[in-house]
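Here's the structure we're looking at; comments come further down.
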Amino acid sequence: MKKWKLTGEKAVNLCLLLVSAFYLAYSLTHYKVGSVRMPKEGFLPLIIGAGAVCVSAFLTVQSWIDKGDAANVKFEISWVRFGLMIAVSFAYALLMNALGYTLSTFLFLIAILMLARAGSWVKVTIISLICSVAFYVLFKVALGVMLPGGFLGF
């Protein structure tokens, strides 16, 4: 008889399944779903929740029958870089009103991409500029979301 051993992969997959099931149950009990022709506010959460439950259930079953792929995963983390990413995220949240959405997002993306070693300064700066302008256009112009303007007004 094979003994069941709780591994990190099993625990994570099981937690994701439980969180997904809670999300699905919450969305079904708190929002109106509507229909495909006339969706209500709960339609998208229903689709996301059902998909998350299906995927996490599949992964949970795979890990419990020892067919998961966690044995091949090598997880090495630089705790200093991880801590700096958390600090940069807090600074982003704290400085957004003062600097404005676009400038703070631009600086945040530069910092995060450099900490993630995504490429050279030039590449990171171009990606950050394109993304921050695209986010501004998407949220402010296309969707009409109120964004912090900061001292520059944009």
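The values are calculated or read from the model by the stated rules, or taken from the named source; none is laboratory data. For clarity, every value in this text was computed on a predicted model and none was experimentally measured. FYI the Cβ positions are ideal-geometry reconstructions off the backbone, even for glycines, and counts take in every protein chain you see. Only protein heavy atoms, including side chains, enter the accessible area calculation; ligands, DNA and RNA are left aside. Shrake-Rupley method; radii C 1.70, N 1.55, O 1.52, S 1.80 Å.
Taking each residue as 0.36 nm, the span from Leu84 to Val137 lengthens on full extension beyond its C-alpha to C-alpha distance by 16.2 nm. The angle separating the long axis of helix 79-99 from the principal Cα axis of greatest extent in the chain is about 50 degrees.
Which percent of the Cα-Cα distances in the stretch 65-139 go past 19 Å?
Working: 1350 of 2775 pairs.
In whole percent, the long-distance tail amounts to 49.
Restriction of the trypsin sites (Lys or Arg not before Pro) in the stretch 1-58 to DSSP coil positions whose beta-carbon has at most 10 other beta-carbons within 10 angstrom yields Lys2, Lys3, Lys5, Lys32, Arg37. Relative contact order of the stretch 100-154: 54 percent, from C-alpha pairs under 8 Å at least 6 residues apart in sequence. Separation of the stretch 1-70 from the stretch 93-154 is 33 Å, based on Cα centroids. All distinct Cα pairs of the chain go into the 1/r average, and the inverse of that average, the Kirkwood radius, is 19.4 Å. Using only Cα atoms, tell me the angle between helix 121-136 and the longest principal axis of the chain; keep it within 0 to 90° and round to the nearest 10. Long axis of 121-136 versus the principal axis of the chain: about 90 degrees.
Accessible surface of the chain, 1.4 Å probe: 74 percent of it comes from carbon and sulfur atoms.
Using only the alpha-carbon atoms, how far is helix 101-115 inclined from the longest principal axis of the chain? Give it as 0 to 90 degrees, nearest 10. It is inclined by approximately 60 degrees. In the stretch 97-154, Rg over Rh equals 1.02, where Rg is the alpha-carbon radius of gyration and Rh the Kirkwood radius from pairwise Cα distances.
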